[in-house]
Amino acid sequence: MSDQAHNGLLGKQLKVINVGLDGFSKELADRDVPVVQVQWSPPAGGDPKLAELLSKLGL
Amino acid sequence: MTTIRETIDEANAEALRRMLAADPVLVDVIPAGEAMPALGDRTILHAGPPIDWDRMCGPMRGAVAGIAVFEGWAPDLKIAATMAAEGMFDFQPNHHFDAVGPMTGMTTMSQPVMVVENRTFGNRAFCAINEGLGKVMRFGGNDEEVRARLRWLRDVLGPSLGQALRLGGGIELKNIIARGLTMGDEMHQRNVGCSGLFLRSIAAPLARTGTDHLDLAEILGFVAGNDQFFLNVAMVMGKAIMDPVRDIDGSTIVTAMSRNGTDFGIRVSGTGDRWFTAPVEMPAGLYFPGFTEEDANPDMGDSTIVETIGLGGFAMAAAPAVAGFVGAGAASEAANYTKAMGEITLSENPEWTIPGLDYAGVPTGIDIRLVVETGIAPTINTGIAHKEPGIGQVGAGVVKAPMDCFKQAVFAFAQEMGVSA
């Protein structure tokens, strides 16, 4: 991101979509920043063996 | 050549077909020993996966002692507990006898059990009659007041109810559930609508049984005074629906979820009757005045069979009032619980719909693969028992099924299918 774009972003009211860890969205919400939280976690809790197994089982 | 995915898809389609084609009818109330001939003297059926006395929680031990005195196997609670510790009772899960029981889930030979017949598949399932709220045996209550109520259920209510059901030709249950969902019930922690509908269905046949009019008044008052009377009916219906779904090769659908107060167990269609267990979790909930989380026993009961068929926590959107009762948050958040359960189920039930979700069907067919992949555990609405024997219910709450049960099941299922990582 160029400095110009960066400055433009911070100069406006932020509208945030946070994906994953909800601590970030709570921090923003506490500062009255509009934020939409998307609940997401890595497939199979990040366990690669389980994820591979699930893939072979048709997911 | 059929791929593994196609095999699983076909098996799960058959599992769903059987769930949705079920026609459960409450047909009778008879003594447990008659319903389950294999249920012998000094055999005690309990909720959840198999467990011995040494690992039983406080309320389960209290209920065991109480039911042993009720059956006349021990003269008092202390001697009953000693007999249990010395191995004089045979402990078996309800699920191994085509039965279910709420909380401690005590089922013994002389107790009356409700009989639900699944008329599509011809199987029958059994469950004891709901005792009411507060200090009751399902929450570990075991004193004379509790046992006297059990005797009345055995000697007065059970026989009359059985006669009334036979006279009336049984009560078809799917329609009652459909109407209950539109009346704010989720059939686990809220059964106000369904209990009322049940009473409407049974009142006239009960009056025709010739039961003494004072007994009849007491029976009608007992059913009318217990908002949770229908819970046990919903449970035995769930068992009758899910049993024909067992043992479908290649199916990843959960056929039972159950807890004994120590372990949570699940069964999966494609892995037969094997239990996958993990330690039970503590419900997050609200407590009756005078009690706190310090008093609570962890999760317990076969009642999770209602979540297994898409009701209870899965149908929270139908019951915004219960969201507050179980401490699940604002009424407006109830829909989120049902939507989340839609992420781990394969279908919806078109006959059981939720008005508040534009008549979407309840989430149906829990898939172990989806649970593990998404990390979303089944949500369960539950009562909370006191951790000490003999006290009873202290609150109600929401609890999650332990993820480890589902991970174990995925590994076992993969092995069954000849798949390795």
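B:D41 meets all of the listed conditions (1) in a loop (DSSP other than H, G, I, E, B); (2) under 21 Å from the mean Cα position of the chain (by Cα) but one, namely (2). The set of residues in the range B:366-401 that are within 13 Å of another protein chain (Cβ to nearest Cβ), in a loop (DSSP other than H, G, I, E, B) and in contact (Cβ under 8 Å) with a residue 40 or more places away in the chain is empty. Criterion applied to B:G383, B:G375 was being within 21 Å of the chain's Cα centre (by Cα) and surrounded by 18 or more Cβ atoms within 10 Å (Cβ to Cβ), and the one residue passing it is B:G383. Exactly one residue among B:P37, B:P31 is surrounded by fewer than 17 Cβ atoms within 10 Å (Cβ to Cβ), modelled with pLDDT of 95 or more and either touching a helix residue (DSSP H, G or I) at 6+ places or on another chain (Cβ under 6 Å) or more than 18 Å from B:L311 (Cα to Cα) (or both), and that residue is B:P37. When each of B:S195, B:S201, B:S160 is tested for being farther than 20 Å from B:M237 by Cα and of a type in the set (S, T, Y), the lone residue that passes is B:S160. The set of residues in the range B:1-28 being part of a loop (DSSP other than H, G, I, E, B) and either touching a helix residue (DSSP H, G or I) at 6+ places or on another chain (Cβ under 6 Å) or of a type in the set (A, V, I, L, M) (or both) consists of B:M1, B:A22. Let me confirm something: among B:T182, B:T211, which residue is farther than 24 Å from B:P31 by Cβ and of a type outside the set (G, A, S)? Answer to the selection: B:T182. The set of residues in the range A:34-59 that are in a loop (DSSP other than H, G, I, E, B), at pLDDT below 95 and not small (G, A, S) comprises A:P34, A:Q39, A:W40, A:P42, A:D47, A:L59. The residue that is nearest to B:E6 (Cα to Cα), among those in the range A:1-23 that are at pLDDT below 90 and either touching a strand residue (DSSP E or B) at 6+ places or on another chain (Cβ under 6 Å) or of a type in the set (S, T, Y) (or both), is A:D22.
Only a single criterion out of (1) under 23 Å from B:G180 (Cβ atoms); (2) in a strand (DSSP E or B); (3) within 14 Å of chain A (Cβ to nearest Cβ) is not satisfied by B:L346, namely (1).
The values are calculated or read from the model by the stated rules, or taken from the named source; none is laboratory data. Note that the structure is predicted; figures quoted are calculated from it, not measured. As a convention, Cβ positions derive from the backbone with ideal geometry for all residues, glycine included, and neighbour counts pool all protein chains shown.
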